[in-house]
Amino acid sequence: MNQDSQTGDTSNEYHDRLEKIKQIREMKINPYPDSYKRTHKMLEAKDLGEKKGVRKTDDIINKPNDNIKISGRLMSFRNHGNISFGQLQDDSGQIQICFMKNVVGIDEYKFLKKIDVADFLGCQGELFKTKHGEITLLVTRYILLSKSLRPLPEKFHGLKDQETQYRQRYLDLTINEETKKRFDMRSDFIQALREFYWQNGFREIETPILSSSASGALAKPFLTHHEALDHDFFLRIAGGETYLKETIGGGYEKVFEIGKVFRNEGMDPSHLQEFTMNEFYHAYWNYKDLMQFTEDMFEYLLKKTLGTLEIEIKDRDGTIQKVNFKTPWEKISMKDAIMENCGIDIEKHNTAKDLLDEIKSKNIIIEEAKNLGRGNLIDQLYKKVARPKMIGPLFLIQHPTDLSPLARRNDENPTVVDRFQVIVNGWEIVNAYSELINPIEQAKAFNQQAQEQEKGDEEAHGKDDEFVQAMEHGFPPIAGWGMGIDRIIALLTNQDNLKDVVLFPLMRPLE
């Protein structure tokens, strides 16, 4: 007997179900009707039975009502001669259904032989309570809403193969209740995020996915060719950062966007090449204003979606720590974080070569270090020696200027920028800064990054002449912020892999 490893399906069962469809059609019954008007979801029906009570079983059997109509997927079915039981599931949960031959009639009861687990049914009847106290629908009428050709994975074994969960998420959602709860939480989080912005007077806008320059972050872009324009374009590497700031230049003062971002870099459990980013920008604010706003936002989001500020979060090695998001949060500079953990004072090393020599003298190994500019080298050093030890939540502040080409230099110390990242148990979840609005300085920063690109740093920021031109028309003071939605959801739901919080993650095609 041949078996499909992806679904647990056997070829015999597949053909048996095809034969049932043929028989059903011969009975002049459509196995795929277009709709069904239900009165209750499963949990609503169960709550109704518990709160309002039910009639005695004998009274219902003698004269049942048709006041409840439910619909969903048949998850289990067992026959006991003249009575059969099943579990029907919709997106609210499951309820037990009961078929009695003397209630539904001989022909309708006989038709149950054409029904299989995984079929969708519409069932009408009255609620009763079994001797075990389970609220159950006594079915008086039912209709086949969709005939499945393949069975579900066995309930006992579930769907535990990770790759199958990613490739066939529809089965994962059907079988694994925890998976559905996780994506419910993601939806609730994004809804609460939008609510917080709206409550604070922000406008949600959309910016292009395709762009003539890869702006807004230090990352390697995807390149695609536009046939009609006969020109190469980049898929954006940031959440519309330059466009959002141009919108501020055009007169808006509070804008945000939630959308897809693409980076042509390595895939691992903590990085995806396609992910969801949230960015916002506020006119006349600086990065210190953003810190307060960020603390307020997380307090709102966590209380709204999880009901608590104390969350268990895994670090990069899978160790769980209790993280308390109670404000105010700690603040530490990147210079001090590196100094405390390896003794290197980054301000004493003004070139990438100088810094790399010092890193090597400390026996610290950084992959591909020779190809990195000074800014990215500092970033990799921090990630190697300091970030894994940070629990937080905390604000990492005062990043080097050459690591942040779009950020504003600090007035008191021009070697650093007015920037922060939010760190939670070794993870960066927010990147924010006072924006650079001086077009002359911005052009210089872009030129420096372009030189790093020519030297082999693929993550260096390229030039964006159109953005500089927009800035030359005048931008007000701006502060902005970005957060990876997949990352924060994975942390809050204790997932080891970002694919576990993306409904349909990108996978290598099957041979």
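The values are calculated or read from the model by the stated rules, or taken from the named source; none is laboratory data. Being a predicted model, the structure only gives us computed values, none of them experimental. Positions of Cβ are generated from backbone atoms using ideal geometry, with glycine treated the same way; all protein chains shown enter the neighbour counts.
Per-residue answers, yes or no, for (1) in contact (Cβ under 8 Å) with a residue 24 or more places away in the chain; (2) surrounded by 16 or more Cβ atoms within 10 Å (Cβ to Cβ); (3) in a strand (DSSP E or B):
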position: Thr207; (1), (2), (3): yes, yes, no
position: Ala217; (1), (2), (3): yes, yes, no
position: His225; (1), (2), (3): no, no, yes
position: Thr276; (1), (2), (3): yes, yes, yes
position: Phe298; (1), (2), (3): yes, yes, no
position: Leu301; (1), (2), (3): yes, yes, no
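Within region 371-385, the only residue that satisfies the criterion of being among the basic types (Lys, Arg) and either farther than 19 Å from Asp317 by Cβ or modelled with pLDDT of 95 or more (or both) is Arg374. Scanning region 391-427 for residues that are over 18 Å from Ile346 (Cβ atoms) and in a strand (DSSP E or B) yields Leu394, Phe395, Val422, Val424, Trp427.
All conditions but one from (1) part of a helix (DSSP H, G or I); (2) surrounded by fewer than 18 Cβ atoms within 10 Å (Cβ to Cβ) apply to Tyr166; the one that does not is (2). Are any of the residues in region 231-241 out of contact with any strand residue (DSSP E or B) (no Cβ under 8 Å at 6 or more places or on another chain) and not hydrophobic (A, V, I, L, M, F, W, C)? The answer is no, given that none of the residues of region 231-241 is out of contact with any strand residue (DSSP E or B) (no Cβ under 8 Å at 6 or more places or on another chain) and not hydrophobic (A, V, I, L, M, F, W, C). If Gly201 meets every condition in (1) assigned by TED's automatic domain parsing to the domain that holds Asp296; (2) in contact (Cβ under 8 Å) with a residue 24 or more places away in the chain; (3) within 30 Å of Met75 (Cα to Cα); (4) among the small types (Gly, Ala, Ser) apart from one, which number is that one? Condition (3) is where Gly201 drops out. Within region 386-421, the set of residues being among the basic types (Lys, Arg) and farther than 30 Å from Thr319 by Cα comprises Arg408, Arg409. Scanning region 174-182 turns up at least one residue that is among the polar types (S, T, N, Q) and in a loop (DSSP other than H, G, I, E, B). Scanning region 305-354 for residues that are among the polar types (S, T, N, Q) and assigned to a helix (DSSP H, G or I) gives Thr305, Asn341.
Restricted to region 98-143, and to residues there that are hydrophobic (A, V, I, L, M, F, W, C), in a helix (DSSP H, G or I) and out of contact with any helix residue (DSSP H, G or I) (no Cβ under 7 Å at 6 or more places or on another chain), the residue that is surrounded by the fewest Cβ atoms within 10 Å (Cβ to Cβ) is Ile106.
If I ask for residues that are surrounded by fewer than 17 Cβ atoms within 10 Å (Cβ to Cβ), part of a loop (DSSP other than H, G, I, E, B) and at pLDDT 95 or above, which ones from region 39-67 would you list? Hit for region 39-67 is Thr39, nothing else. Screening region 460-487 for residues that are surrounded by fewer than 21 Cβ atoms within 10 Å (Cβ to Cβ) and modelled with pLDDT under 80 and picking the one that is farthest from Ile313 (Cα to Cα) gives Lys463.
Criterion applied to Ala445, Ala490, Ala450 was being farther than 17 Å from Glu241 by Cβ, small (Gly, Ala, Ser) and modelled with pLDDT under 90, and the one residue passing it is Ala450.
The sole residue among Asp230, Asp184, Asp268, Asp188 that is of a type in the set (D, E, K, R), surrounded by fewer than 21 Cβ atoms within 10 Å (Cβ to Cβ) and at positive phi is Asp230. Which of the following residues is surrounded by fewer than 20 Cβ atoms within 10 Å (Cβ to Cβ), among the small types (Gly, Ala, Ser) and within 30 Å of Asn447 (Cβ to Cβ): Gly251, Gly239? Result of the check over Gly251, Gly239: Gly251.
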